[in-house]
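Below: one structure, written as structure tokens.
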Amino acid sequence: MIGGNVMPHILQDILIILLASYATLDNQGITIMNYWPVTVGLFAGLIMGDLPTAMTIAGTFQLMSLGVAGLGGASVPDYGLATIVGIYLSARTGAGLGAAVAVGLPVGLLTIQLDVLIKIINNFIAHKAQAYAHAKEFNKMRMINWLGPLFFGLKNFIPMILIVTVGPSAISALLKIIPKWLTNGLTIAGSMLPVVGIGMLMHYMPLKKYIWVLMIGFVMSAYLKVPILGVAIIGLALAIYTYQNLISASKKREVAAANNAGTTDDDEGDDYDE
């Protein structure tokens, strides 16, 4: 029973390391499970036996990651790995949300440097594989191409195995000497960080045009206490309604343009006939 927290610790450690390694490979490949924090957080929570806490941590990192994308091969913080680290340490040490975020986020930021290093190495591997292909040495080409996924897997494997082997004891000792006011500060900071992600997302959205939708959602959530699922469903309905109106207006403009073009052609034809 995975969700009952009866799984041996050694098995949990192995599975959590494999999850972190597979997740980054899946993200670079066919993407079966996706690499969103809420997705990997679900599996990490099942492994560690504390799904509610896991999803709280995963939801926090998910909000932080909004508006962040590795476009054009750019390296971005690994919020998926940060989620797994935070969930693992929370389950092992009993740390709260603030401590989980405070520990998980630096690990996610560290992977930016590892990602850059691995992409540089893989660039040489790709050129070597290309040279083998030109030389028609296809067996060597296939063999060397396995190094690329291996290095990407190591990007998460190395930090995760360090966290598993020395992390819980170190974090437990650290939490014992950290004053209460600092722990409370970390909790508050962890609660505020998702606002940064939401702000980054809204920066790229037509917020000025649809500010009324944001205001409706805020009133429903803050004052009417509508659950987030209800707000999301109403938001989806408004999005569908707005999309349909835009499509309808676009079709009307096309018809009007076609009619105007036809009228112009008729007028020109009449002048010619005269």
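Of the residues in the stretch 31-45, how many are at pLDDT 90 or above and either touching a Gly at 6+ places or on another chain (Cβ under 6 Å) or not assigned by TED's automatic domain parsing to the domain that holds Ala82 (or both)?
So the count comes out to 1.
Name the pairs: first residue in the stretch 1-26 and at pLDDT 90 or above, second residue among the hydroxyl-bearing types (Ser, Thr, Tyr), Cβ to Cβ under 7 Å, at least 6 apart or on different chains?
Sorted first by the residue in the stretch 1-26, then by its partner, the pairs are Ile16/Tyr88.
Look at the stretch 207-223 and say how many of its residues are assigned to a loop (DSSP other than H, G, I, E, B) and within 19 Å of Leu63 (Cα to Cα).
1
Which one of the conditions (1) part of a helix (DSSP H, G or I); (2) at pLDDT 90 or above; (3) more than 25 Å from the chain's Cα centre (by Cα) does Thr264 fail to meet, given that it meets all the rest?
Only one criterion in (1) part of a helix (DSSP H, G or I); (2) at pLDDT 90 or above; (3) more than 25 Å from the chain's Cα centre (by Cα) is unmet by Thr264, namely (2).
Tell me, yes or no, whether the stretch 124-139 has at least one residue that is crowded, with 16+ Cβ neighbours inside 10 Å and in contact with a Gly (Cβ under 7 Å, 6 or more places away or on another chain).
There is at least one residue in the stretch 124-139 that is crowded, with 16+ Cβ neighbours inside 10 Å and in contact with a Gly (Cβ under 7 Å, 6 or more places away or on another chain).
Filter the stretch 114-136 for residues that are assigned to a helix (DSSP H, G or I) and small (Gly, Ala, Ser) and give the result.
Ala126, Ala129, Ala131, Ala133
Yes or no: the stretch 71-92 includes at least one residue that is in contact (Cβ under 8 Å) with a residue 60 or more places away in the chain, closer than 28 Å to Leu147 by Cβ and part of a loop (DSSP other than H, G, I, E, B).
The answer is yes, given that some residue of the stretch 71-92 is in contact (Cβ under 8 Å) with a residue 60 or more places away in the chain, closer than 28 Å to Leu147 by Cβ and part of a loop (DSSP other than H, G, I, E, B).
Do the conditions hold for Ile177, that is, is it assigned by TED's automatic domain parsing to the domain that holds Leu105, hydrophobic (A, V, I, L, M, F, W, C) and modelled with pLDDT of 70 or more?
Taking the combined requirement at face value, the residue satisfies it.
Is it fair to say Ser75 is modelled with pLDDT under 80 and of a type outside the set (Phe, Trp, Tyr)?
yes
From Gly49, Gly94, Gly98, which residue is closer than 29 Å to Pro179 by Cα, surrounded by 15 or more Cβ atoms within 10 Å (Cβ to Cβ), modelled with pLDDT under 90 and out of contact with any helix residue (DSSP H, G or I) (no Cβ under 6 Å at 6 or more places or on another chain)?
Just a single option satisfies the conditions, and that option is Gly49.
Residue-wise test of (1) closer than 22 Å to Met205 by Cα; (2) in a helix (DSSP H, G or I); (3) free of Cβ contacts under 8 Å to residues at least 12 places away in the same chain.
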| position | (1), (2), (3) |
| --- | --- |
| Lys225 | no, no, yes |
| Ala232 | yes, yes, yes |
| Ala249 | yes, yes, yes |
| Glu254 | no, yes, yes |
| Asn260 | no, yes, yes |
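Kindly check whether there is at least one residue in the stretch 141-164 that is buried (at least 17 other Cβ atoms within 10 Å of the Cβ), at pLDDT below 80 and in a helix (DSSP H, G or I).
Taking every residue of the stretch 141-164 in turn, none turns out to be buried (at least 17 other Cβ atoms within 10 Å of the Cβ), at pLDDT below 80 and in a helix (DSSP H, G or I).
The values are calculated or read from the model by the stated rules, or taken from the named source; none is laboratory data. Every value quoted in this text rests on a predicted model; they were computed, and no experiment measured them. Every residue, glycine as well, gets a Cβ built from its backbone with ideal geometry; the counts of neighbours run over all protein chains shown.
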